[in-house]
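> Right, I'll just put the structure down here and ask away after.
The values are calculated or read from the model by the stated rules, or taken from the named source; none is laboratory data. Model, not experiment: these values are computed from the prediction. Reconstructed Cβ throughout: ideal geometry from the backbone, glycine too, with neighbour counts over all protein chains shown. Just the protein is used for accessible areas: all its heavy atoms, side chains included, with ligands, DNA and RNA removed. Shrake-Rupley method; radii C 1.70, N 1.55, O 1.52, S 1.80 Å.
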Amino acid sequence: MARQVRVRFAPSPTGEPHVGNIRTALFNWLYARHMGGVFILRIEDTDVARKVEGALEAILASLRWLGLDWDEGPEVGGPYGPYVQSQRLKLYEEAARKLVEGGDAYHCYCSPQRLQEMREEQTRRKQPTGYDRRCRHLDEGERARAKAQGIPPVVRFKMPLDGQTPFDDLIRGEVTFANETQDDFVILKSDGYPTYHLASVVDDHLMEITHVMRADEWLSSTPRHVRLYDALGYEKPLFAHLPIILGPDRSKLSKRHGAVSVLHYRDTGYLPEAMGNFLALLGWSLDDHTEVIPREELIRHFSIERIGKAGAIFSQEKLAWMNGMYIRQMSQEALAGRILPTLEEALPAAVSRPLSGEYVHAITPLVQERLKTLADAPPLMDFFFLEELEYPHEELVQKGLDRDSTRKALEAALGRVAALDAWSAPSLEDVLRPLAGELEMKTGQLFGAIRVAVTGQRAAPPLFETMAVLGRDRCTRRLRAAIERLVSR
Ligand code: GLU
């Protein structure tokens with residue numbers, strides 16, 4: 001029987017997770033779900049100096065927002081824990097010791113100052129920078145002397161001095177690195193913390209990871225990992241390095257191209273479904289033309305074979321378009337459920353809370369077509385909730401009319417609607433549409449004035465439906481207030 005797929009997302013808590021990080025998480029998650037495998041979250045926090053307060057929480061929040069649930073990891077636990085590397089230091093120490101004992105690694109006593117001078121010298125001579133292997137060649141006596149001085153050593157891995165390190169990558173095919181381009185890298189620092197290389201290899205082995213799917217930037221670390229696997233006698237996982245993400249100008253995606261933090265998109269009204277769909281297409285495709293692919297379909301069709309090698313372009317416009325698509329496709333009820341918390345948060349304090357879910361549900365279809373993000377909802381919908389509308393009274397006066405004719409028109413409209421038995425969109429239309437002719441004005445002029453009076457806006461959702469939802473009381477009060485503004489000035 002084939003082994004169960006076990007993949008991991010292994011972020012370092014060094015800042016707000018950006019779209020590249022979360023694309024990696026998504027691809028691993030999709031692959032696990034597609035294969036009926038296990039998705040593991042492992043926190044790689046051994047670079048103490050780069051740790052950022054709150055970063056871990058932001059990672060968890062990003063995954064939760066996108067619905068990327070993990071089967072093993074922080075908070076949920078699992079049989080291979082702990083899943084936080086700073087709680088696993090003993091395991092890395094043991095592996096490093098084993099490598100030193102086996103002659104595959106050695107203690108290095110070079111001071112940071114010496115290393116820096118060495119690098120400066122290499123740079124001056126235009127040589128590639130890298131450790132010159134001085135401590136690899138220490139004899140017994142030199143080693144004993146360095147030890148006696150009490151210098152805390154680091155442990156370095158012995159890379160082969162010549163030859164090549166080839167490996168297969170599921171996306172790139174065979175990749176080969178010349179060993180002379182690799183130096184003897186540190187695997188254990190002097191404070192006992194492992195470097196990324198050692199920790200990730202040890203954990204990928206102990207956690208029985210079958211596929212290492214990660215960002216393209218780690219490709220150049222893979223020859224080191226391959227050598228570590230071999231030296232430790234571990235079976236290697238399969239590797240898949242995801243294509244780089246580019247901005248529209250085809251340079252590596254960065255803050256220069258706009259927001260890259262995933263939580264920024266959550267906070268500015270993007271739907272997780274749209275974001276997930278958008279991220280899935282950054283390097284993977286279903287068939288070269290289908291764009292809107294719901295989550296279940298992504299799971300059903302996801303494959304490593306259809307991940308491309310070429311850089312994937314991150315386009316904000318496409319994301320905004322995708323978000324609009326998802327908003328329009330959503331059921332009114334589901335959309336209302338998303339809009340409600342946004343309104344709760346963004347409407348002025350004067351609007352009393354909690355808002356009525358039923359009322360929000362009634363308004364939602366009126367704005368659904370016009371929303372690009374959920375953040376568009378509060379400014380489009382606030383007049384449904386406010387008691388007093390604020391707008392310059394000139395807005396009431398439509399092209400071709402003056403204050404007087406506008407006031408008369410609004411008075412007539414008020415008279416008609418106040419007399420209505422049933423307050424509904426069709427009955428409002430029945431009395432207001434003929435009124436324009438009677439007043440010898442265009443419907444656009446009459447409706448425009450009424451629209452500003454009842455919504456405070458020139459462009460608003462369909463007028464009669466809007467008035468129906470607003471209700472008789474609010475509408476007649478607002479018409480009266482508008483008339484008032486036109487006389488009192
Ligand atoms: N901790 C690394 C990162 O933050 C993980 C690299 C890997 O997946 O091996 O990207």
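> Going through the range 218-247 one residue at a time, which ones are in a loop (DSSP other than H, G, I, E, B) and within 18 Å of the chain's Cα centre (by Cα)?
P243, I244, G247
> Whether any residue in the range 346-356 is open to solvent by 60 Å² or more (accessible area, probe 1.4 Å) and under 19 Å from P461 (Cα atoms) is what I want to check.
Looking for residues that are open to solvent by 60 Å² or more (accessible area, probe 1.4 Å) and under 19 Å from P461 (Cα atoms), one finds none in the range 346-356, hence no.
> Filter the range 110-129 down to the residues that are open to solvent by 70 Å² or more (accessible area, probe 1.4 Å) and part of a loop (DSSP other than H, G, I, E, B), then identify the one that is farthest from H211 (Cα to Cα).
Of everything passing the filter in the range 110-129, R125 is farthest from H211 (Cα to Cα).
> Could you count how many residues in the range 180-196 are surrounded by 15 or more Cβ atoms within 10 Å (Cβ to Cβ) and either more than 13 Å from the ligand (Cβ to nearest atom) or free of Cβ contacts under 8 Å to residues at least 40 places away in the same chain (or both)?
Final tally of qualifying residues: 10.
> Follow-up question, since we're still on this one. Of the residues V38, V52, V19, only one is under 24 Å from L263 (Cβ atoms), crowded, with 19+ Cβ neighbours inside 10 Å and either within 12 Å of the ligand (Cβ to nearest atom) or in contact (Cβ under 8 Å) with a residue 24 or more places away in the chain (or both); which?
Step by step, each of V38, V52, V19 is checked, and only V19 is under 24 Å from L263 (Cβ atoms), crowded, with 19+ Cβ neighbours inside 10 Å and either within 12 Å of the ligand (Cβ to nearest atom) or in contact (Cβ under 8 Å) with a residue 24 or more places away in the chain (or both).
> What number of residues within the range 205-223 satisfy the criterion of being of a type in the set (D, E) and within 8 Å of the ligand (Cβ to nearest atom)?
Selection size over the range 205-223: 1.
> Just name the residue that is nearest to V100 (Cα to Cα) out of those in the range 130-167 that are open to solvent by less than 30 Å² (accessible area, probe 1.4 Å) and at pLDDT below 95.
So, considering only residues that are open to solvent by less than 30 Å² (accessible area, probe 1.4 Å) and at pLDDT below 95, the one nearest to V100 (Cα to Cα) is A146.
> When the residues of the range 330-344 are narrowed to those that are more than 21 Å from the chain's Cα centre (by Cα) and open to solvent by 50 Å² or more (accessible area, probe 1.4 Å), which ends up nearest to A377 (Cα to Cα)?
E344
> Tell me whether the range 230-246 contains one or more residues that are over 25 Å from P17 (Cβ atoms) and either surrounded by 19 or more Cβ atoms within 10 Å (Cβ to Cβ) or among the aliphatic types (A, V, I, L, M) (or both).
Looking for residues that are over 25 Å from P17 (Cβ atoms) and either surrounded by 19 or more Cβ atoms within 10 Å (Cβ to Cβ) or among the aliphatic types (A, V, I, L, M) (or both), one finds at least one in the range 230-246, hence yes.
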